[in-house]
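What follows is a single structure, written as structure tokens, with notes after it.
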Amino acid sequence: MDKKYLIEELNRIAKKHNVIIDEEALGDIISLSTIRVVTKGDILSSMGDDTNVAGLVLSGIARSYYIDKDGNDVTRGFAVAGTMCMDEGFFGYEERICMWEALEETTVMFFNVKEVKKRIRENDKLKDTWITLLENALRYKIYRENGFLVENATERYVHFKKMFPELSEHVPQKHIATYLGIAPESLSRIRSAMKE
């Protein structure tokens, strides 16, 4: 992918998230990155891997998950176009806390976490952008925790569909169910009831 296209794509993503990024800073970050197309089903990273690299999904869908103490595959989250994946290193983790897999062919922009963090510290515009992204991530985390505390499974599914409209038809229902904290059979019943 050429640099001009990537700058346009990153600006489009930034606007979607209500952030403005200086074009020079974008160019600098692009120069630190590599682009890779990941095949459906491929593992991007595994639990315990180092966190030196993070990714920005440019197209496709990635899923983070872990295997619980009973051996169940539990979806922790999804990364769609314009969102981060493998981002634990930005939050101080030295090892991956979950697995990351491509749910469909996914184009990811990979970059070195330490180098990007250095650029963020040195550039006030990038720092402002980073603060906005952190606020968005915290807002999402609060929303998700609140859902488990005060919403029933149907309400959580309705909010999931509003937040991720593209996922409900493109992601296996078993992954959505574990993300919502319910059994796949329960999700099937909820979906059937909503169609009536």
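When we screen 125, 141, 174 for residues that are closer than 23 Å to residue 40 by Cα, part of a helix (DSSP H, G or I) and out of contact with any Gly (no Cβ under 7 Å at 6 or more places or on another chain), the only hit is 174.
Cβ-Cβ contacts under 7 Å between residues 6 or more apart (or on different chains), taken from a first residue in the range 72-101 that is outside any strand (DSSP E or B) to a second residue that is among the acidic types (Asp, Glu), are listed as 94/50; 96/49; 96/88; 97/88. Selection over the range 154-167 of residues that are surrounded by fewer than 17 Cβ atoms within 10 Å (Cβ to Cβ) and outside any loop (DSSP other than H, G, I, E, B) gives a count of 6. Tell me, yes or no, whether the range 31-40 has at least one residue that is farther than 25 Å from residue 129 by Cβ and among the charged types (D, E, K, R). Scanning the range 31-40 turns up at least one residue that is farther than 25 Å from residue 129 by Cβ and among the charged types (D, E, K, R).
Is it fair to say residue 96 is among the basic types (Lys, Arg) and more than 18 Å from residue 78 (Cβ to Cβ)? No: the conditions fail for residue 96.
Give the residues of the range 154-173 that are without any contact (Cβ under 8 Å) to a residue 40 or more places away in the chain and not aliphatic (A, V, I, L, M), sorted by residue number. Answer for the range 154-173, where residues must be without any contact (Cβ under 8 Å) to a residue 40 or more places away in the chain and not aliphatic (A, V, I, L, M): 155, 156, 157, 159, 160, 161, 162, 165, 168, 169, 173. Scanning the range 19-37 finds no residues that are touching a residue at least 12 places away in the same chain (Cβ under 8 Å) and within 15 Å of the chain's Cα centre (by Cα).
Please go through the range 177-190 and give me each residue that is assigned to a helix (DSSP H, G or I) and surrounded by fewer than 16 Cβ atoms within 10 Å (Cβ to Cβ), ordered by number. 184, 185, 186, 188, 189 - these are the residues of the range 177-190 that are assigned to a helix (DSSP H, G or I) and surrounded by fewer than 16 Cβ atoms within 10 Å (Cβ to Cβ). Exactly one residue among 82, 77, 48 is surrounded by 16 or more Cβ atoms within 10 Å (Cβ to Cβ), more than 19 Å from residue 6 (Cβ to Cβ) and touching a Lys or Arg at 6+ places or on another chain (Cβ under 8 Å), and that residue is 77. Condition first: touching a Cys at 6+ places or on another chain (Cβ under 7 Å) and within 25 Å of residue 37 (Cα to Cα). Can you find one or more residues in the range 88-106 that meet it? Yes, some residue in the range 88-106 is touching a Cys at 6+ places or on another chain (Cβ under 7 Å) and within 25 Å of residue 37 (Cα to Cα). Residue-level analysis places residue 10 outside the set of residues that are within 18 Å of residue 166 (Cβ to Cβ) and touching a residue at least 12 places away in the same chain (Cβ under 8 Å). Among the residues making up the range 12-38, those that are under 14 Å from residue 109 (Cα atoms) and not in a helix (DSSP H, G or I) are 32, 33, 34, 35, 36, 37, 38.
Checking each residue in the range 156-196 for being of a type in the set (A, V, I, L, M, F, W, C), farther than 18 Å from residue 140 by Cβ and out of contact with any Asp or Glu (no Cβ under 9 Å at 6 or more places or on another chain) picks out 182, 183, 187, 190, 193, 194.
Out of the residues in the range 18-45 that are of a type in the set (Gly, Ala, Ser) and modelled with pLDDT of 95 or more, state the one that is farthest from residue 112 (Cα to Cα).
Pass one, the range 18-45, residues of a type in the set (Gly, Ala, Ser): 25, 27, 31, 33, 41, 45.
From what's left, modelled with pLDDT of 95 or more: 41, 45.
Values: 41: 24, 45: 14 Å.
This residue is 41.
The values are calculated or read from the model by the stated rules, or taken from the named source; none is laboratory data. Quantities reported herein were computed from a predicted structural model and do not represent experimental measurements. Every residue, glycine as well, gets a Cβ built from its backbone with ideal geometry; the counts of neighbours run over all protein chains shown.
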